[in-house]
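Coordinate-derived values only; no laboratory data. Since we're looking at a predicted model, the values are computed, not measured. FYI the Cβ positions are ideal-geometry reconstructions off the backbone, even for glycines, and counts take in every protein chain you see.
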Amino acid sequence: MVWKQQWLWWKRGIIYQIYPRSFQDSNDDGCGDLNGILQQLDYLEWLGVHALWISPIFPSPMKDFGYDIADYTAIHPLFGTMDDFDRLLAETHRRGMKLLLDLVSNHSSDQHPWFIESASSRDNPKRDWYLWADPAPDGGPPNNWVSEFAGSAWQWHEATGQYYYHAFLAEQPDLNWRNPAVHEAIHAAMRFWLDKGVDGFRVDVMWHMIKDEHLRHNPPNPDYDPATMSPYEEFLPVFSTDQPEVHDVVRGMRRVIDEYDERLLIGEIYLPIEHLISYYGSEQDEAHLPFNFQLIGAPWDAAHIRSVIDTYEASLPPDGWPNWVLGNHDKSRLGTRVGSPQARVAAMLLLTLRGTPTLYYGDEIGMRDVDVPPEQRVDPRELNCPGRGLGRDMARSPMQWDASDNAGFSRARPWLPLSPDYRECNVASERSDPRSLPNLYRRLIGLRRQEPALAIGDYEPLPVRPPLLGYIRQHGDQALIVMLNFSNGAHEFILDLNCVPTEILISTHDPAARPASRQLELRPNEGVIVRLQKPPHHPCLAHPVDPNG
């Protein structure tokens, strides 16, 4: 059983996030769709990814681009039909890949039939499916909770004389997860897709799903700076998120997942590590992978990255499987955050750390943030709070497939503008270059498939000084050293006699393997994976070379 647990697909695999509006347009309406994803499965198979996570494709008014669901068991016509989905699922499985859906269960659209019923009267049977409250004594909102998209999180409903709660847009009312009927309804939606063969879910804003029963005010944030921070950060969300009872909700979802073989439950959770790890569950009965976003916000230098890795590894529960994320649809692009030279180091870091990596579409070709003109911005977070740098459009631009008009994404005008560099930075031109970034990703993913030490092996940090970061991955009689140079300068180091290298399997700079000696030089912005003759008997040491001899 231990061996079987080690080889679960989501432990050895790579998850690839697709933002469907921006991946591939098959019907020339300027938006990506399911058949577009189907058309590009050859590329994803070539890249070597194991699982596709598709952001929401359900019917929606699109106030938040699919994260406002009006029907949990259907497909939005923008993306295609249920038959299109079934073909995509079947073809994905035929190629040995998995398919995950985005489950937005904290809130629905205000156009969902559940909310329409709930809002129809105070005595409607579904009234308690959402969070309704009387006004405060002054007639205003019940408390000081703030929407993530700015402004009060309470919307006045004139017809029934109460406020309803929305953690995001007013058009995204929060479901009341203290009501067992809500559990049953969402669980039924999960089973609908699991019965079709979907391999699991990424659950949106999992830590939001239960709120304080007494609706107490959130305390002020003493570090709040209105010039640089979101209005949401004016108060600490002590009572509006991460409540103890949320773990009962997650355990219920996990029970549904566990009714099926080898299905995966991922939680989107933006919390400090000490809170994040509680979502594994005290009995490993909650999320398989509470998403770990620590690297997205960490300063990109060896000391900080080493601290993040070691703190996370030390905090994990005994059976908690780690995971790493370097980019997603809500954050600035990896290539913009770390720069093109370090994007190659970031690729090696993501794909060699212990745990499941998630790769955001386009990061593998080096896509960068797009400067979207004000008149073309569509993200509600940006529109509600302009000028704060909170928009997300810049990281959702269409995938750059080739150098033709509209980057091969669509023959129509894309729903968001393309990056001006798409004629050079695209799949077609980079795929043919063995030294390109996507070919580096492909080699790294391929090595993970071949080497149990990288897929499921232990992690041991090496005592090297910044700007180097090093660690050993070991499984059985296999051992590999990963050494990363976070600087623009060259650095040499010598492995002690306990570590006998045989070859450099992959360098971020060279496509071919080469022999290795105990004295190794890392060129500027270079990372290497070095095979050892055998696992060291005691901790391996890497000593810097004194440039003065």
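Values as computed for the structure displayed
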| item | result |
| --- | --- |
| The chain, helix-only ellipticity at 222 nm - DSSP H runs n ≥ 4, -39,500 (n - 2.57), divided by all residues, nearest 500 | -7000 deg cm²/dmol |
| Unpaired by the 4.7 Å Cβ criterion, cysteines found in the chain | 31, 385, 425 |
| Inter-part distance where the range 60-139 and the range 320-396 are each reduced to a Cα centre, Å | 25 |
| DSSP bridge pairs, the chain: antiparallel proportion in percent, nearest 5 | 65 |
| Long-range amide H partners of residue 200 with built H, under 5 Å | 101, 264 |
| Under 20 Å from the Cα of residue 211 - lysines, other chains or at least 8 residues apart | 126 |
| Restricting the range 341-440 to GluC sites (Glu not before Pro) in coil, as DSSP defines it, with at most 16 other Cβ within 10 Å | 424 |
| Unit charges on C-beta of K, R, D, E only; dipole of the range 65-144, Debye | 360 |
| Cα gyration tensor category, rounded, prolate or oblate, for the range 60-183 with a/c compared to 1.5 | prolate |
| Cα gyration tensor category, rounded, prolate or oblate, for the range 338-444 with a/c compared to 1.5 | oblate |
| Charge tally in the Cβ shell below 15 Å around residue 91, where Lys, Arg are +1 and Asp, Glu are -1, residue 91 excluded | -2 |
| Helix runs (DSSP H) in the chain reaching 15 Å along axis by Cα, Kyte-Doolittle at least -0.5 | 180-196, 246-257, 302-315, 340-352 |
| Distant-in-sequence amide H partners of residue 98 (H built 1.01 Å from N, under 5 Å) | 51, 52 |
| Dipole axis of the range 379-502 (+1 Lys, Arg; -1 Asp, Glu on Cβ), positive-most option in 401, 501, 446 | 401 |
| About the Cα centre, charge dipole magnitude for the chain (Lys/Arg +1, Asp/Glu -1 at Cβ), debye | 1620 |
| Point-charge dipole on Cβ atoms (K/R +1, D/E -1) for the range 3-119, about Cα centre, debye to 20 | 840 |
| Candidates per chymotrypsin sites (Phe, Trp or Tyr not before Pro) in the range 164-250, loop by DSSP, up to 16 other Cβ within 10 Å | 224 |
| Karplus-derived HN-Hα couplings along the range 112-123 (A = 6.51, B = -1.76, C = 1.60, θ = phi - 60°), whole Hz, x at Gly and Pro | 5, x, 4, 6, 4, 5, 4, 7, 6, 5, 5, 9 |
| Environment charge of residue 223, counting only residues whose C-beta is closer than 14 Å and scoring Lys/Arg +1, Asp/Glu -1 | -3 |
| Anchor residue 196: lysines whose Cα lies under 20 Å away (excluding residues fewer than 8 positions away in-chain) | 98 |
| Gyration tensor (alpha-carbon) shape descriptor, the range 387-542, a/c threshold 1.5 | prolate |
| Length gained when the stretch residue 405-residue 477 is fully extended (0.36 nm per residue, less Cα-Cα span) | 20.8 nm |
| Other-chain or far-sequence residues with amide H under 5 Å of residue 157's (modelled H) | 162, 163, 164 |
| Positive-end residue, the chain charge dipole about Cα centroid, Cβ charges, pick of 265, 168, 192 | 265 |
| Low-density loop cleavage sites - GluC sites (Glu not before Pro) in the range 117-185, where at most 12 other Cβ are within 10 Å (DSSP) | 158 |
| Overall Cα dimensions of the range 233-311, principal axis frame, Å, largest first | 43, 33, 18 |
